[in-house]
Amino acid sequence: MMVFICAWVPVVLGCVPLAVRFRSIKARSLWALFSVTATSLLLGALALWGSMEETAEVFRLSESFRFVLRLDGTGKVYLGVAAVLWPLAMLYAGEYMDHEKREGHFFTWYTAAYTPAILLGTANNLFTLYMAYEWLTLCTVPLVWHARDAASERAAVRYLLFLIGGASLGFVAMAGLNAFGVGGFDGPASTAAAENEWFRALCMLGFLGFGVKAAVLPLSRWLPTASVAPTPVTALLHAVAVVNAGVFAVARLLYNALSPDMLRGTWVQAAMMSLAALTVVYAAAAAVREKHIKRRMAWSTVSNLSYMLFGLSLLTAHGLVAGLAHMVFHSAMKIVLFLCAGGIIIYSGRYSVRQMHGLGRRMPLLFGCFTLAGVSLLGVPPLPGFVSKYELVTAAFEEGSPLALAGAGALLLAAVLTAVYVFTIVYPAFFMAEDSRLQEQDVTKPGPRMTASLAVLCLLLLVLGAAAGTVVKQLYGLTGGIG
């Protein structure tokens, strides 16, 4: 029950400003920072000292549909990422929101969204997972619509249509699989239904329904559109918590609700691998074409999410660990890239990659951090992106099927495209002349809160690079070597 209590801390603390009037926006942002930090510390205490065997049934609609929570090893991976990055993103947001409107609205929803993320990470069956998945969508719609202009309204509508529509596929899968006796995460599912084609079709619907948050083709266009939201939203929720929720839900479906043996070698596995590999290359190419720096990073996120889905679709222990490792490392890399992009936009007024020429010399901190995270995203050792990509390719070769090998080729091709969309920002920023028409524009430096958050995140990247092998070993232990 401690997990359930912890989950509601962000909502309770986030709603305090509705009853208590703060004297300044800075005080309001500090309360939000305290709220998410306290929640992260509680999660850390539960992860270290809580029992992985303890379950909490909150309510039940029937014997088959029960809302049950339990913090296990795989859940610790998802929640560990959120617990580390949420306070750092909130620290950044405290400064960023000085340049936006409706700060109180933002901080309330940004804090409250932590609750469904915790519920999703501790879900112990498909019904609970589905409910938390939907709540996370509903809690983040107001953040996408924050600006209340035409662009943000279109983005919010598309966000709802894709995620609620996609989740309806997940609902059909959840209900249908329940009829086959599949739903809980406490042990491997029976393989009795594995040869039934309706069963396989339901599994594919589940992959697509939960995978919509992971922006797998053809359900990916909502993510670049949602980049109109304030940068802290695109950085944390749409590069970490929300999109990782899609990857996490697919992992739960394939490795906990089901057994990998049930789908290995079937058309469902072939379809999952093919869609993931296609998304990896398509989205990387879209990032190369995109000129808006935040949308370019959004397309990069779409590509890297399918790195993770490809690893999961291998249906092996190595594939699961490789996919989760890339989820951990990509979250740290991508939040730095988004936060730097947001800082560049608000402190220089420039958003097109064509306007970045020479800007790195005037904004060395932001472009330096961007370069570090971008090089890690390429997979350059000893930074963490190298290890997770190496594990993914190795897992594909171990699986050995033609589709797995083709998928490994897709990952390598996407790595080349990643070099293009990263260095066409970095190289001109440092080594090309600034446009004379832009030289007179004011360019200011980020303040202490933004600087501190980026400094800690970059240090985290370096630590993850040094400890990447240890992280992978820990992931094997946390997931129990499922496969």
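The values are calculated or read from the model by the stated rules, or taken from the named source; none is laboratory data. Small disclaimer: the values here were computed from a predicted structure and weren't measured. Cβ: placed from backbone, ideal geometry, glycine included. Neighbour counts: every protein chain shown. Side chains are part of the model used for accessible areas, which takes the heavy atoms of the whole protein and leaves out ligands, DNA and RNA. Shrake-Rupley method; radii C 1.70, N 1.55, O 1.52, S 1.80 Å.
Please work out, to two decimal places, the log10 of the ratio I(q)/I(0) at q = 0.32 Å⁻¹ from a Debye calculation in which every Cα of region 1-52 carries one identical scatterer.
The Cα Debye sum returns log10 ratios of -1.21.
Percent of accessible area on the chain owned by carbon and sulfur, 1.4 Å probe?
66 percent
So, in Å, what gap is there between the alpha-carbon centers of region 290-325 and region 388-404?
14 Å
Might you tell me the accessible area per residue for region 108-267, computed with a 1.4 Å probe and given in Å²? Spell out each step's value before the answer.
On the way: 4570 Å² over 160 residues.
Here the residues of region 108-267 average 29 Å² of exposed surface.
Using modelled backbone amide H atoms (1.01 Å from N, in-plane), which distant-in-sequence or interchain residues come within less than 5 Å of Phe67's amide H?
Here Val58, Phe59, Arg60, Leu61 satisfy the definition.
Can you compute the helix-only [θ] at 222 nm over the chain? Use -39500 (n - 2.57) per DSSP H run of at least 4 residues, normalise by all residues, nearest 500 deg cm²/dmol.
-23000 deg cm²/dmol
One-quarter of the Cα convex hull surface for region 15-96, in nm²?
For the Cα atoms of region 15-96, the hull's average projected area reads 7.5 nm².
Apply the Karplus curve 6.51 cos²θ - 1.76 cosθ + 1.60, θ = phi - 60°, to the phi angles in region 412-424 and return the couplings in whole Hz, x for Gly and Pro.
5, 5, 5, 5, 5, 5, 4, 4, 5, 6, 7, 7, 6
Which is farthest toward the positive dipole end of the chain among Ser331, Ser24, Leu217, measuring Cα position about the Cα centre, with Cβ charges +1 (Lys, Arg) and -1 (Asp, Glu)?
Checked the options; the winner is Ser24.
Could you check how many percent of all C-alpha pairs in the chain are farther apart than 41 Å?
13 percent
Of Ala455, Ala283, Val243, which is farthest towards the positive pole of the chain's charge dipole, taken about the Cα centre with +1 and -1 on the beta-carbons of Lys, Arg and Asp, Glu respectively?
Ala455
What's the FRET efficiency of Asp442 with Arg148 using the Cβ-Cβ distance as r and R₀ = 30 Å, to the nearest 0.05?
Details: r = 27 Å, r/R0 = 0.90.
For R0 = 30 Å, the calculated efficiency reads 0.65.
For region 244-366, what does the equivalent ellipsoid look like in terms of its semi-axes, each the square root of 5 times an eigenvalue of the Cα gyration tensor, given largest first in whole Å?
Three semi-axes, in Å: 35, 15, 9.
Does region 338-391 come out rounded, prolate or oblate, given a ≥ b ≥ c as the square roots of the eigenvalues of its C-alpha gyration tensor, rounded meaning a/c under 1.5 and, failing that, prolate meaning a/b above b/c?
prolate
Please turn the phi angles of region 8-17 into ³J(HN,Hα) values with the Karplus equation 6.51 cos²θ - 1.76 cosθ + 1.60 (θ = phi - 60°), one per residue in order, whole Hz, x for glycine and proline.
Residue by residue, region 8-17 yields 8, 4, x, 5, 5, 5, x, 8, 3, x Hz.
Looking at region 381-442, which GluC sites (Glu not before Pro) are DSSP coil and have at most 11 other C-beta atoms within 10 Å of their C-beta?
Hits after loop and neighbour filter: Glu440.
Could you state the per residue volume, in Å³, of the convex hull enclosing the Cα atoms of region 205-263?
Convex hull of Cα atoms, per residue: 65 Å³.
Please list, by residue number, every one of the trypsin sites (Lys or Arg not before Pro) in region 262-341 that is coil in DSSP and has at most 15 other beta-carbon atoms within 10 Å. If you can, show how the numbers build up before the last one.
On the way: sites: Arg264, Arg289, Lys291, Lys294, Arg295, Arg296, Lys334; in loops: Arg264, Lys291.
Counting only loop positions with at most 15 other Cβ atoms within 10 Å, the trypsin sites (Lys or Arg not before Pro) in region 262-341 are Lys291.
Can you tell me the alpha carbon radius of gyration of region 80-124 divided by the globular rule-of-thumb value 2.2 N^0.38 Å? Numbers along the way, then the final one.
On the way: Rg = 12.2 Å, N = 45, 2.2 N^0.38 = 9.3 Å.
This ratio for region 80-124 stands at 1.30.
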